[in-house]
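Worksheet for the structure shown next.
The values are calculated or read from the model by the stated rules, or taken from the named source; none is laboratory data. Predicted model only: the values in this text are computed from it and were never measured. Cβ: placed from backbone, ideal geometry, glycine included. Neighbour counts: every protein chain shown. Areas reflect the complete protein model, heavy atoms only, side chains present, ligands, DNA and RNA absent. Shrake-Rupley method; radii C 1.70, N 1.55, O 1.52, S 1.80 Å.
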Amino acid sequence: MDQITIRNVRVFVTAPRNINLVVVKVETSEPELYGYGCATFTWRYKAVVTAIEEYLAPMLKGWPVDDIEDLWQTMMGSSYWRNGPVLNNAISGVDEALWDIKGKQARMPLYSLLGGKCRAGIPVYRHADGRCVEEVEECIRRYMEEGYRYIRCHMGTYGGNFDGTRQTMVKPQGAPQGAYFHPRMYMDSVYQLFDHIRREIGWDIEIMHDVHERLSLSETLEFARELQQYRLFFLEDSLDPQHGEFFKVLRAQTSVPLAMGELFTNPAEWMPLVQNRWIDFIRVHLSDIGGLTPARKLAHFCEAYGVRTAWHGPSDLSPVGMAVQMHLDLNSHNFGIQEFSGFTEQEEAVFPGCPQVRDGYAYVNDRPGTGVDFDEAEAAKFPPVEPDSAWLFPRLPDGTPVRP
Ligand code: MG
């Protein structure tokens, strides 16, 4: 039997939800055999496109599709310097497309290829937000009516998004523009929010909160202590990823379950947190670590240490990428929860075969591979957009730029 080889690697950028998504198509020497992968790094998508078109595509032409492990290691090593989000996303696009192809060759859905299911449905959580506690409550109740039982609760987006008009946030003269936030105001507003939620909605839902790495260790210690009474499902990304050792202190002082990792791009970042059992949930963004090949290894690594998975599932992840991690969710015994941002009608039209959610559980279809296709003509109706990136420029009250 002739070896099936990579004929071409193509990249598409489409924005059916006004968010730029990067989709990679690997075409093979068999005219009808191809696969799709997610390479969405929405804030630097042109750099990812260049990395694929200028470097990976020419290198991969003619290589056999079969040995995904070999191809992943070769792509990772081929730039010498590695593990950054641009190159990891480029590799992910190809990697996930190769898994899609392997599933189609085997005539198996990806979860089956990975070893089969160990759960019937995938519990997902949604993100609730609003400008005041009443708006957040309304948003939570809407999700509950749709059948969701896990909800991440926020007020005024990340960091509270206080606009500086309140008397308590006085900005200095000449303070530059930015998404100003005040750690004390933010923390106090979250205490009020969670108190309101438990009082008005009760204890039948699981709630979580995402700090977006905006608090210091001492602030996080107070934050976790105050929130402990509201029985969180987890507290997410409460500390800066470069201060992983701080989790040792946090772990020792709180019983609030800790989730961490959506900004991780390098195994050196997550290994100590997992090995020391300083966190309860790992939540990397699959394409930011290089796709399914490293993610399944990470899932197994976490299983050995009793850490559960909670993969990052924002709207700047294509339905192809969402499907890939849901196949992994079905197979991973140490699955914890899946973040889900819903799909718009336009996304479902561009990506036929999107996973479906009923009563708070997600289901993939049983077609071979990821089960998600890509309608190129439909995608072309949604060209790249100039995204609103204001939230990427947060500042402290005195004007200091901080990370989002
Ligand atoms: Mg997050």
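Can you compute log10 of I(q)/I(0) for region 287-336 with the Debye formula, treating each Cα as one identical point scatterer, at q = 0.13, 0.17 Å⁻¹?
Log10 I(q)/I(0), no solvent term: -0.27, -0.46.
When only C-alpha pairs under 8 Å and at least 6 residues apart count, what is the relative contact order of the chain, in percent? Working shown, then result.
Working: 853 pairs, mean separation 90.3, N = 404.
Relative contact order of the chain: 22 percent.
Would you compute, for the Cα atoms of the chain, the largest minus smallest coordinate along each principal axis and list the three values in descending order, in whole Å?
72, 48, 41
Quick check for me: using +1 on Lys/Arg Cβ and -1 on Asp/Glu Cβ, what's the dipole size of the chain about its Cα centre, in debye to the nearest 20? Don't skip to the answer; put the middle values down first.
Working: 39 positive and 55 negative charges, 136 e Å.
Magnitude of the dipole: close to 660 debye.
Identify which of Asp288, Asp373, Asp388 has the largest mean-square fluctuation in a Gaussian network model of the chain, with springs joining Cα atoms closer than 10 Å.
Highest fluctuation of the listed residues: Asp388.
Take the alpha-carbon centre of region 270-299, take the same for region 166-245, and report the distance between them in whole Å.
Measuring centre to centre over Cα atoms gives 24 Å.
Which net charge results for the neighbourhood of Pro394, defined as the other residues with beta-carbon distances under 11 angstrom from its beta-carbon, given Lys and Arg at +1 and Asp and Glu at -1?
Values: positive: Arg214, Arg395, Arg403; negative: Glu213.
Taking every other residue near Pro394 into account, the sum is +2.
Which semi-axes, in whole Å and largest first, does the equivalent ellipsoid of region 268-404 have when worked out from the alpha carbon gyration tensor as the square roots of 5 times its eigenvalues?
On the way: eigenvalues 148, 124, 31 Å².
One finds semi-axes of 27, 25, 13 Å for region 268-404.
Over region 291-404, calculate the relative contact order: mean separation of alpha carbon pairs under 8 Å at least 6 apart, over the residue count, as a percent.
On the way: 119 pairs, mean separation 23.3, N = 114.
Reported as a whole number, the value is 20 percent.
In straight Cα distance, which lysines are under 25 Å from Lys104, not counting same-chain residues fewer than 8 positions off?
List returned: Lys25, Lys61, Lys117, Lys297.
First compute the accessible area of the chain with a 1.4 Å probe, then give the percent of it belonging to carbon and sulfur atoms. Mind showing how you got there, number by number?
Details: 8550 of 17530 Å².
In the chain, the share of accessible area belonging to carbon and sulfur is 49 percent.
Between region 30-47 and region 57-126, what is the C-alpha centre distance in whole Å?
Using only Cα atoms, the two centres lie 11 Å from each other.
With every protein chain kept in place and ligands, DNA and RNA left out, what is the accessible area per residue of the chain? Probe 1.4 Å, answer in Å². Don't skip to the end; give the middle numbers.
Details: 17530 Å² over 404 residues.
That works out to 43 Å² for each residue.
Quick check for me: using +1 on Lys/Arg Cβ and -1 on Asp/Glu Cβ, what's the dipole size of region 148-268 about its Cα centre, in debye to the nearest 20?
Details: 12 positive and 16 negative charges, 38 e Å.
Computed charge dipole of region 148-268: roughly 180 debye.
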